[in-house]
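See structure below.
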Amino acid sequence: MTDSPPPSPTSAARPRRTQAERSDLMRTRLLEATLQSLAEDGYAGSTLSSIVRRAGVSRGAQVHHYPNKQALMLDAAEDLLRRTYRQLGEMLLSIGDEDDRLSRLVEAAWDQVFSTPLFNAYTELLIASLRDHDLADALRERLKRVQQVYAPAVEHYFEPIDPARTSKADLHAMFVQLSFFLVGLATQAHLMNDRAWIRSHLDLWARQAAQMMRARKGVRLPPPRSEAWRRPAV
């Protein structure tokens, strides 16, 4: 009798996921499906049943994680905002030349975040919140927490050129204006269909901001993790 061959690495038993890992995976699938649905089908077309089908999970799993559509939509919006924050931070750290960091940040933010189909998901939620007061209230609280995270990040990466004329609050305000500008541009860029025009306005904002601020020298690490990023209970 010949010995059986040893099991191959692919046939060897894989360690089973823990309950927490399975729960995180299920939640991730639901959030990804929600963002894709919002971007492709809009807010009205993104029903719980269609999202569950897209995610390939059971309705019971959806109810376990998110009892209603608004809870799922809000967590998806927060997930997108977190992704945006991480992406912008990675962009800043990848730009070696501090003198060019501001203009390249604005350009990369537009190319890699705000002009992408995925960001349509957030604009769909913004438009829906015009008539859904509960959604508007919930988004408003999310945005307050986002601003609490972005404010110290601004100070981490940038500083006033002349502190006697430009305060840290001014720097925060400039980046709030940038976010308004980029979100507004994202909702209307399909009507303009003029890449050169868009680039000229991105460059104009960067040149105006460069009169007030500059990138800090030698920043090679991300800012400390903010407690404001702790997820609220669903």
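The values are calculated or read from the model by the stated rules, or taken from the named source; none is laboratory data. The model shown is predicted, which means the values in this text are computed figures rather than measured ones. For accessibility, only protein heavy atoms count, side chains too; no ligands or nucleic acids. Shrake-Rupley method; radii C 1.70, N 1.55, O 1.52, S 1.80 Å.
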Given the options 163, 117, 222, which has the most mean-square fluctuation in a GNM of the chain, springs set between C-alpha atoms less than 10 angstrom apart?
-> 163
Helix 133-157: inclination vs the chain longest Cα principal axis, degrees, rounded to 10, gives 60
Per the Kirkwood treatment, what hydrodynamic radius in Å, one decimal, follows for the range 48-160 from the mean inverse distance over all distinct Cα pairs?
-> 16.1
Summing -39500 (n - 2.57) over every DSSP H run of at least 4 in the chain, dividing by its residue total and rounding to the nearest 500, the 222 nm mean residue ellipticity is -21500 deg cm²/dmol
With everything on Cα atoms, drop me the angle between helix 19-45 and the longest principal axis of the chain, reported from 0 to 90° to the nearest 10.
-> 60
Do you know the relative contact order of the chain, to the nearest whole percent, from alpha carbon pairs under 8 angstrom that are 6+ apart?
-> 24
Within straight-line cross-link reach of residue 144, aspartates and glutamates at Cα separation under 18 Å, skipping those fewer than 8 residues along the same chain | 75, 78, 79, 134, 155, 170, 227
Residues of the range 71-222: accessible area per residue with a 1.4 Å probe, Å² = 53
